[in-house]
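Report on one structure; see the data block that follows.
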Amino acid sequence: QKEVEQNSGPLSVPEGAIASLNCTYSDRGSQSFFWYRQYSGKSPELIMSIYSNGDKEDGRFTAQLNKASQYVSLLIRDSQPSDSATYLCAVTDLGGGADGLTFGKGTHLIIQP
Amino acid sequence: DAGVIQSPRHEVTEMGQEVTLRCKPISGHDYLFWYRQTMMRGLELLIYFNNNVPIDDSGMPEDRFSAKMPNASFSTLKIQPSEPRDSAVYFCASSSLAGGQTDTQYFGPGTRLTVL
C-alpha cells in the first residue's frame, strides 16, 4: 500500500524567510508528484506538480524531486502571512488528472508577521 | 465556470440513517473522484470514475458505501447505514485530460458529515 509521509508541524517561519516542506513516499513506481495547499475549512488547491528529478520553479514556489531517495520538497521564498495553510504532498502512478491521488497528512505552516 | 458543486455542504444525521452526498463536476470533465478527509487518516481516495464508469473503488471502506455516476454531470456517494466513524469531510474532485492543466484535479467545497 502506498504511503506518503509528512511532518505534521506546525512549522513556524518568519515573514520574508524561506519555508521548506518535505515529503517521502513509499512506492518506487510513483510517477507524478504534487503539492496542494489547503486553507482551514477550505478545499485543497493544486500549487505545484513535478514529474522529473530536479527542481521546478513557479514564482515564489520551487518543487524538488529526488526519485532515488523517494523524496519531494517544496520551498516557498519570501514567505507571506497568506502562505499560512496546510500543505499536502500527493503522489500517483499516472498523470494527476487520470488517477487517484495518495496524500500525506499535511504540514501545517505558520508564517509569523 | 461554476467549479465543482457539492451538496449538501453540511449534514448531521443519526446513526443508522441513510446519507446521500451529491456532486456535479465541472462541465466537460471526464474524471470524477470522491475523497474523504479526517484528522486521523488525512485525505483518502474512495473511488473514481472515468466517463461515468467506476475505475478504482478499492478505497471504499466497506459495503455500507456505494457510489454511482448515472451521467456526466452528476454523481452520488451513499452511506447506508451510517455510523459515527463515518463523520468526515467528503470532497468530490473532477479533471480532464483534454486541453491544458491535465494534471489538475479541481476540488469541490466538500460536505461536512456528522453522524451522531
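Below is a table of values for the structure above.
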{"item": "Shielding by partners - mean other protein chain Cβ count within 10 Å, residues of B:28-40", "result": "2"}
{"item": "Distance (nanometres) between label positions extended 7 Å along Cα→Cβ at A:Lys56 and B:Ser73", "result": "3.3 nm"}
{"item": "The protein assembly as shown: Lys pairs at Cα distance under 29 angstrom, eight or more positions apart or on different chains", "result": "21"}
{"item": "For the pair B and A, total buried accessible area rounded to nearest 100 Å², probe 1.4 Å", "result": "1500 Å²"}
{"item": "Average other protein chain Cβ within 10 Å of Cβ, residues A:38-46", "result": "5"}
{"item": "Kirkwood Rh, angstrom, the stretch B:49-116 [1 / mean 1/r, Cα pairs]", "result": "13.7 Å"}
{"item": "Rel. contact order, % - alpha carbon contacts under 8 angstrom, at least six apart, chain B", "result": "36 percent"}
{"item": "Largest-first principal axis extents, alpha carbons of the stretch A:1-61, Å", "result": "37, 25, 20"}
{"item": "Overall Cα dimensions of the protein assembly as shown, principal axis frame, Å, largest first", "result": "49, 37, 36"}
{"item": "Local electrostatic count at B:Thr111 - Lys and Arg +1, Asp and Glu -1, tallied over other residues with Cβ under 13 Å", "result": "+4"}
{"item": "Area projected by the alpha carbon convex hull of chain B, averaged over all directions, nm²", "result": "6.8 nm²"}
{"item": "Estimated inter-spin distance, B:Arg9 and B:Ala98, nm [label 7 Å along Cα→Cβ]", "result": "3.1 nm"}
{"item": "³J(HN,Hα), Karplus 6.51/-1.76/1.60, whole Hz, each residue of the stretch B:48-55, x for Gly, Pro", "result": "9, 10, 10, 6, 6, 9, x, 9"}
{"item": "Relative intensity, log₁₀ I(q)/I(0), of chain A from a Debye sum that treats every alpha carbon as a point, q = 0.14, 0.15, 0.17, 0.22 Å⁻¹", "result": "-0.51, -0.59, -0.75, -1.23"}
{"item": "Amide proton proximity set for A:Gly106, modelled H, under 5 Å, gap of 5+", "result": "A:Gln6, A:Cys89"}
{"item": "10 Å Cβ neighbours from other chains, averaged over peptide A:102-112", "result": "2"}
{"item": "With every protein chain in place, chain B: carbon and sulfur % of accessible area (1.4 Å)", "result": "50 percent"}
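The values are calculated or read from the model by the stated rules, or taken from the named source; none is laboratory data. Predicted model only: the values in this text are computed from it and were never measured. Counting neighbours? That spans all protein chains shown, and the Cβs are built from the backbone with ideal geometry, glycine included. In case anyone asks, the SASA skips ligands and DNA or RNA and just uses the protein heavy atoms, side chains included. Shrake-Rupley method; radii C 1.70, N 1.55, O 1.52, S 1.80 Å.
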